[in-house]
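Below: one structure, written as structure tokens.
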Amino acid sequence: MKKNILAIGAHPDDIELGCGGALCSHAQENDSVFCLIGSNGGKSGNEAVRQKEALESMDIIGVKDVYFLNLPDTMIKHDGITVSLLDQYVNQLNPDIIYVHSPKDYHQDHAAMSLSALSASRQMKNSVFFYESPSTTIEFRPTAYKDITGVFEQKLKCIEVFSSQKEKSYMEKLSIMGLARSRGSVIGVDYAEAFEVARLFNW
């Protein structure tokens, strides 16, 4: 049955790094994929450029709609304002699955978006998965894995779009490939993404 999928990230490129492969798979299965980005990432480049890169990347995935909350980069808070914003989209889109940052993350924006997403979806009958990022802490303990072998090249193309961030080590192909291979080895496939299960509904 066709599903509504919502991926939430604090900055452009967060979603692609954490669950880009899973989203590519959902799009191929004709699920409706939506993405919500907290800030435009102005602390790490020109906001207009970063937003444009995000839109190009989401187009490669096959995302139906992308929403920008325009929250201040590095200053996103887990508060009533952020929860209220997320609540509007969660209720509007009624996602069967939500992908979002883990709260076990050194980046304050990531942790804030994670906690706010949990608050916004607290009454929803859906599944919530925390994805991995370069700044997740050692407390991140995967309990679910997604085989992305068939869409791994597509995931790489999505990330390559972010040319404004190419100097960062975690954006390098070898870094992305190494993590995906490591996660894939756990379940006996070439490439995988790892998740913590925050809530699993009606499996």
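The values are calculated or read from the model by the stated rules, or taken from the named source; none is laboratory data. Because the structure is predicted, anything quoted here is derived from the model rather than measured. So basically every Cβ, Gly included, is an ideal-geometry build from the backbone, and we count neighbours across all protein chains shown.
Is it the case that Met171 is in contact with a helix residue (DSSP H, G or I) (Cβ under 6 Å, 6 or more places away or on another chain), closer than 27 Å to Asp31 by Cβ and at pLDDT below 95? Explain how you work it out, then say what you get.
Values: in contact with a helix residue (DSSP H, G or I) (Cβ under 6 Å, 6 or more places away or on another chain): yes; closer than 27 Å to Asp31 by Cβ: yes; at pLDDT below 95: yes.
Taking the combined requirement at face value, the residue satisfies it.
For the range 47-70, the criterion of being in contact (Cβ under 8 Å) with a residue 24 or more places away in the chain and touching a His at 6+ places or on another chain (Cβ under 6 Å) is met by no residue.
Residue count for the range 137-165 satisfying the condition of being out of contact with any helix residue (DSSP H, G or I) (no Cβ under 8 Å at 6 or more places or on another chain) and farther than 15 Å from Ile60 by Cβ: 7.
The rows are residues; the columns are (1) charged (D, E, K, R); (2) surrounded by fewer than 15 Cβ atoms within 10 Å (Cβ to Cβ); (3) in contact with a Leu (Cβ under 9 Å, 6 or more places away or on another chain).
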{"site": "Gln165", "(1), (2), (3)": "no, no, no"}
{"site": "Leu174", "(1), (2), (3)": "no, yes, no"}
{"site": "Ser182", "(1), (2), (3)": "no, yes, no"}
{"site": "Glu196", "(1), (2), (3)": "yes, no, no"}
{"site": "Phe201", "(1), (2), (3)": "no, yes, no"}
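Residue pairs whose Cβ atoms lie under 6 Å apart, separated by 6 or more positions or on different chains, with the first residue in the range 178-203 and of a type in the set (Ser, Thr, Tyr) and the second modelled with pLDDT of 95 or more and part of a loop (DSSP other than H, G, I, E, B), are Tyr191/Ile148.
Kindly evaluate Ser133 against the criterion of being in a loop (DSSP other than H, G, I, E, B) and among the small types (Gly, Ala, Ser). Talk me through it step by step, then tell me what you get.
On the way: in a loop (DSSP other than H, G, I, E, B): yes; among the small types (Gly, Ala, Ser): yes.
Spelling it out, Ser133 is indeed in a loop (DSSP other than H, G, I, E, B) and among the small types (Gly, Ala, Ser).
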